[in-house]
Amino acid sequence: MHDTEAHPWAAAITEYIKNMPSLPTSVTKVLEICNNIKTSPADLNYVISLDPVLMGRILKLINSAYYGFNQQITSLVRAIIMLGINTVKNLALSTAIMASLSIQKSRGFQGLDMEGFWQHSLCVGVAAKSFAIKRGIEFKLTEEYFTAGLLHDLGKIPLNAVLDRDYMNTVSAADRDGLPLFQAETRDLKINHNDVGALIVKAWRLEGPVGDVIIHHHRCNEYAGPYKDILYSVAAANYFACFEEIGFAGDRRPEKLNPLIRNYLGPDRDFFEEAAKMVHMEIEKARVFLKL
């Protein structure tokens, strides 16, 4: 990682991140509890029941068309058991972050169109989850892939906000020079969205797979942590979203898929074609998940 503290925009970027709406206390507590391997649905029930908004979202999700159960579920404990602890954790995290950053959509930054950015992010989340399902990952674990994919580019938000015209010029230069945006950021700005993402991970305490993906998704070769499967899946999903041109997060010339990832996941043309069918079907379901 570059030394962000020595960067000319370091103070402004750090200040911007400090002023980004923090995660609600209840969501922070949910994450803390879920990171404990001894957590039970009863533990989560106690914390969530203290937050009527979050409790309402969970009950609304379990009774939505997204899951398609025939009977009405009114018990929070039962909803947690049926959804699984991972899904509840990722619903709490992803909806809280999306809500806290929704104001960005209306600010009209020059570098990235926020609607296109979120569409890209949503596609990466859905694609990462779809790749995991296709590869036989246990279904209740796949929400982790979705959340990591959804939030992988969070570091672009402060760059887009603080650097403004400079970031717009960098996005344009990446396209003009045939460079992946990550490389153009490093070349022209001497900082990139993985570096800035690391500051957000630290500020919001996003330890675990989500944080590792935010920091390392363009540096897979350097990664030696325990979440390689999720990281590689998100990196492949990011390439897929850029290649399929679903949404736009500044990358018209994405990096080719790292051979390390290709060898690990085994994706070929058929893999992506089959995934594309599933992704387009699942994106609308995911919109329901996020907009509950």
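Can you pick out the pairs among 134/202; 228/256; 60/134 whose Cα atoms lie more than 21 Å from each other? The pairs that break the limit, which is 21 Å between Cα atoms, are 134/202; 60/134. Kirkwood analysis of the chain, using all unique Cα-Cα pairs, places the hydrodynamic radius at 19.5 Å. Applying 1/(1 + (r/R0)^6) with R0 = 41 Å to the Cβ-Cβ distance of residue 60 and residue 12 gives a FRET efficiency near 0.60. Distance between the modelled labels on residue 222 and residue 32, one decimal in nanometres: 3.1 nm (7 Å Cα→Cβ projection).
Length available on full extension from residue 134 to residue 278: 0.36 nm per residue minus the Cα-Cα distance, which gives 50.9 nm. Build a GNM of the chain with springs between Cα atoms under 10 Å apart, and of 202, 129, 156 the one that fluctuates most is 202.
Taking the longest Cα principal axis of the chain as reference, the axis of helix 10-19 is set at about 20 degrees. Build a GNM of the chain with springs between Cα atoms under 10 Å apart, and of 68, 178, 155 the one that fluctuates most is 68.
Report summary: the helix-based calculation at 222 nm, which adds -39500 (n - 2.57) for every DSSP H run with n ≥ 4 and divides by the residues of the chain, gives -20000 deg cm²/dmol.
Extending 7 Å from Cα along the Cβ direction at residue 141 and again at residue 203 yields two label points whose distance is 3.3 nm.
Each reported figure results from applying straightforward, stated rules to the coordinates on display, with no laboratory input. Since we're looking at a predicted model, the values are computed, not measured. Quick reminder, even Gly has a Cβ in these numbers, built from the backbone with ideal geometry, and neighbours come from all protein chains shown.
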